[in-house]
1. Anything in region 118-135 that is more than 12 Å from the ligand (Cβ to nearest atom) and within 19 Å of Gly174 (Cβ to Cβ)? List them, or say none.
2. Testing Gly174 on (1) more than 12 Å from the ligand (Cβ to nearest atom); (2) over 24 Å from Asp34 (Cα atoms); (3) surrounded by fewer than 16 Cβ atoms within 10 Å (Cβ to Cβ), one condition comes back false. Which one is that?
3. If you scan region 16-33, which residues turn out to be near the ligand (Cβ under 8 Å from one of its atoms) and either of a type in the set (Ser, Thr, Tyr) or under 16 Å from Asp177 (Cβ atoms) (or both)?
4. Could you identify the single residue in Ser107, Ser127, Ser113 that is of a type in the set (Gly, Ala, Ser), modelled with pLDDT of 95 or more and within 14 Å of Pro9 (Cβ to Cβ)?
5. List, please: which pairs have Cβ atoms under 6 Å, are six or more places apart or on different chains, and start with a residue in region 125-147 that is over 17 Å from Leu59 (Cβ atoms) and end with one that is of a type in the set (Asp, Glu) and near the ligand (Cβ under 8 Å from one of its atoms)?
6. Before we move on, is Leu112 of a type outside the set (D, E, K, R) and either assigned to a helix (DSSP H, G or I) or more than 14 Å from the ligand (Cβ to nearest atom) (or both)?
7. Would you pick out the residues in region 111-129 that are within 15 Å of Gln148 (Cα to Cα) and among the basic types (Lys, Arg)?
8. From the list Val131, Val183, Val157, which residue is out of contact with any Ser or Thr (no Cβ under 9 Å at 6 or more places or on another chain), surrounded by 14 or more Cβ atoms within 10 Å (Cβ to Cβ), β-branched (Val, Ile, Thr) and outside any strand (DSSP E or B)?
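The values are calculated or read from the model by the stated rules, or taken from the named source; none is laboratory data. This is a predicted model, so every value here is computed, not measured. FYI the Cβ positions are ideal-geometry reconstructions off the backbone, even for glycines, and counts take in every protein chain you see.
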Amino acid sequence: MFNLVIFGPPGSGKGTQSDKIIEKYQLKHLSTGDLLRAEKRSGSELGKDIQRIIDNGELVPDAMVQQMVKAFVEKNKDANGFIFDGFPRTVQQAQWLDQMLPDFNTSVSLMLSLDVEEDELKKRLLSRGAVSGRADDQNVSIIENRIQVYHHQTIPVMDFYKKQMKYAKVEGVGDIDDIFKRVCLTIEKYMK
Ligand code: B4P
């Protein structure tokens, strides 16, 4: 099994590159953002709580996200591997993932981090917000809060994988297909 954590700030291209990676390497796509938005759309009480959190640009509690991740892995335990998109976003989530995957006789193979500077992130998210209707992409102060949350709570996850020699950085600015070529070169280095 090859398990990839795709990492980076909001708007760095995690979802965009994940779509291309799953097609080429036949991995199962686990996007916690997508799972949470699906719950939000369901209109459940849990969905309403999630909506308030996401729309303010904060992180949903670890336990809630972890429960969704475990259910997804369990349901797809025969997959070739997973691409974890938007997860883990806290060190606690990373520690939990390292304890959970051995139950399925597997582990994280690589964390690939997309490197994009802040002005470009804001530009991309605002232009997605103009067409997608995503509330968290339409307001500059919410976008700035998401980037702050990334700096304070998510960046430490990088060190977690650096210490395990499972970290690689890829330049995330430019043509989407050119970025994908760099992503593939990195993945294939770690697949060997
Ligand atoms: P996510 O759904 O993970 O949202 P994101 O970080 O904004 O998405 P992504 O980074 O994948 O977007 P992409 O660049 O592909 O999370 C949303 C919210 O859910 C979080 O704020 C949080 O509240 C909650 N959540 C999710 N996971 C959680 C967790 N583990 N724990 C707690 N809470 C969690 O796309 C951005 C735009 O850029 C697109 O329009 C795209 O077309 C464009 N783009 C991409 N690549 C480009 C390029 N090279 N050039 C130009 N534009 C590009």
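1. Glu118, Asp119
2. The failed condition is (1).
3. Of everything in region 16-33, those that are near the ligand (Cβ under 8 Å from one of its atoms) and either of a type in the set (Ser, Thr, Tyr) or under 16 Å from Asp177 (Cβ atoms) (or both) turn out to be Thr16, Gln17, Ser18, Ser31, Thr32.
4. Going through Ser107, Ser127, Ser113 in turn, just one is of a type in the set (Gly, Ala, Ser), modelled with pLDDT of 95 or more and within 14 Å of Pro9 (Cβ to Cβ): Ser113.
5. As it stands, the answer is Arg128/Asp137; Gly129/Asp137, since those pairs meet every condition given.
6. Criteria not met by Leu112.
7. If the condition is that a residue be within 15 Å of Gln148 (Cα to Cα) and among the basic types (Lys, Arg), then Lys122 is the only one that fits.
8. The conditions single out Val183.
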